[in-house]
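*Asks:* Here you go, one structure.
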Amino acid sequence: KSVSPKKPLFGLVMTDFSDSYGKELVASLEEASDNNCFLILRRSIGIPEREDKIIQELVDFGVSGLIVFPAKARHYSSEILKMVVNRFPLVLIDRSYKGVAAAAVSSDNVAAANKATNYLIDLGHENIGVFMPCNYETTTIQDRLLGIVEAFAEKQLIANRELWCSDIKSTLPFPEASKREDIEVIKENIKKNPKITALITLEYSIALLAKIAIQELGMHVPRDISIICFDSPELSNQSWNFTHIKQDEKEIGRLAIKRLMEMYHGEFNINSELVPAKLIEGNSTSRIKIKDGLLNK
């Protein structure tokens, strides 16, 4: 009687997941692992020390490989560096570490942000505000900012960084401000920069705050200010939906498991894989109207 080979046990360390991003990714990883391996899921809640501790525990427990969605930290995790040096099967998802030779699978954030920016510029918007969380040192956010700047440059326009705001603190894994405080921050920024006609928010949760801020200023989305964001919960037919960049969580999950299985079988390939994202039109963006020869937002 032939004995079927034992399936490897892998660890999956996520910062967290929500309806707007992560839930589909976890489902896809689980689905892709079905016939290949077993997964133990742990959450770091975005705390680097907790991430290190979880990784250590999983390795001590005897996992044969790890998929890690790194905590939103500036510094490399010492545990992740140790694995890279020891050639332990490891795949990073969503973020890579500059200068660290680890396999990574993530969305093509530069191209996605370029697409979002071009979409707004094509609708006539040039004074575009960018709202981001205050911990914008992650490669994901840096790549998105690069894509925004590139899109302006390609159109021979200058991205006005004075319209950018990196003071959003309520959307962090451990909020450093209340949503109300952030809504006030957004209102102040819009009042200070009345020429803004559109916003790119680098997270869905920031788009929700921006919409409230705009309405509280007596303005309308998208008539007065358009909003485009990254990620969104599944679109519903009835309700109001944001124009957004949809990451292909299914493909990221599938590739991460495939890559980890290859490493487990001894094929070490540390190239990063970038997965294209799509732009989904919703109700939050519109063309700038020109009235009586005057530009009217």
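The values are calculated or read from the model by the stated rules, or taken from the named source; none is laboratory data. Worth saying up front: this structure is predicted, and the values here are computed from it rather than measured. In this analysis, Cβ positions are derived from the backbone assuming ideal geometry, glycine residues included, and neighbour counts consider all displayed protein chains. What goes into the accessible areas is simple: the full protein's heavy atoms, side chains included, and nothing from ligands, DNA or RNA. Shrake-Rupley method; radii C 1.70, N 1.55, O 1.52, S 1.80 Å.
*Asks:* Given the conditions (1) modelled with pLDDT of 90 or more; (2) in a loop (DSSP other than H, G, I, E, B); (3) closer than 24 Å to THR201 by Cβ; (4) open to solvent by less than 20 Å² (accessible area, probe 1.4 Å), report the number of the one that GLY46 does not fulfil.
*Replies:* The one condition GLY46 does not meet is (1).
*Asks:* To continue, here is another question. It is to be established whether one or more residues within the range 250-265 are open to solvent by 50 Å² or more (accessible area, probe 1.4 Å) and among the hydrophobic types (A, V, I, L, M, F, W, C).
*Replies:* Scanning the range 250-265 turns up no residue that is open to solvent by 50 Å² or more (accessible area, probe 1.4 Å) and among the hydrophobic types (A, V, I, L, M, F, W, C).
*Asks:* Within the range 11-47, can you find the residues that are farther than 19 Å from SER106 by Cα and either in contact with a helix residue (DSSP H, G or I) (Cβ under 6 Å, 6 or more places away or on another chain) or of a type in the set (Ser, Thr, Tyr) (or both)?
*Replies:* Residues satisfying the conditions are ASN36, LEU39, ARG42.
Residues are listed down the side, and each one gets a yes or a no for (1) open to solvent by less than 10 Å² (accessible area, probe 1.4 Å); (2) of a type in the set (S, T, N, Q); (3) touching a residue at least 40 places away in the same chain (Cβ under 8 Å):
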position: LEU66; (1), (2), (3): yes, no, yes
position: SER77; (1), (2), (3): yes, yes, no
position: LEU81; (1), (2), (3): no, no, no
position: GLN142; (1), (2), (3): no, yes, no
position: ILE158; (1), (2), (3): no, no, no
position: VAL185; (1), (2), (3): no, no, no
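*Asks:* Name the one entry in ALA103, ALA71, ALA112, ALA116 that is hydrophobic (A, V, I, L, M, F, W, C), modelled with pLDDT under 85 and crowded, with 21+ Cβ neighbours inside 10 Å.
*Replies:* Numbers: ALA103 fails: modelled with pLDDT under 85; ALA112 fails: modelled with pLDDT under 85; ALA116 fails: modelled with pLDDT under 85.
Being hydrophobic (A, V, I, L, M, F, W, C), modelled with pLDDT under 85 and crowded, with 21+ Cβ neighbours inside 10 Å holds for just one of ALA103, ALA71, ALA112, ALA116, which is ALA71.
*Asks:* Also, quick follow-up: Name, by its number, the condition in (1) in a helix (DSSP H, G or I); (2) farther than 30 Å from LYS289 by Cβ that does not hold for SER106.
*Replies:* Of the numbered conditions (1) in a helix (DSSP H, G or I); (2) farther than 30 Å from LYS289 by Cβ, the odd one out for SER106 is (1).
*Asks:* Scanning the range 76-103 for residues that are out of contact with any helix residue (DSSP H, G or I) (no Cβ under 8 Å at 6 or more places or on another chain) and outside any helix (DSSP H, G or I), which turns out farthest from ALA151 (Cα to Cα)?
*Replies:* ASN86
*Asks:* Further, regarding this structure: Which of the residues belonging to the range 83-100 are farther than 18 Å from TYR204 by Cα and either open to solvent by 20 Å² or more (accessible area, probe 1.4 Å) or within 16 Å of the chain's Cα centre (by Cα) (or both)? So that I can check it myself, show each step before the final result.
*Replies:* Kept after step one, since they are farther than 18 Å from TYR204 by Cα, are these residues of the range 83-100: 83-93, 96-100.
Scanning the range 83-100 gives VAL84, VAL85, ASN86, ARG87, PHE88, LEU92, ILE93, SER96, TYR97, LYS98, GLY99, VAL100.
*Asks:* Here is a further query. Taking PHE174 as meeting all but one of (1) open to solvent by less than 50 Å² (accessible area, probe 1.4 Å); (2) not in a helix (DSSP H, G or I), write down the number of the exception.
*Replies:* Condition not satisfied by PHE174: (1).
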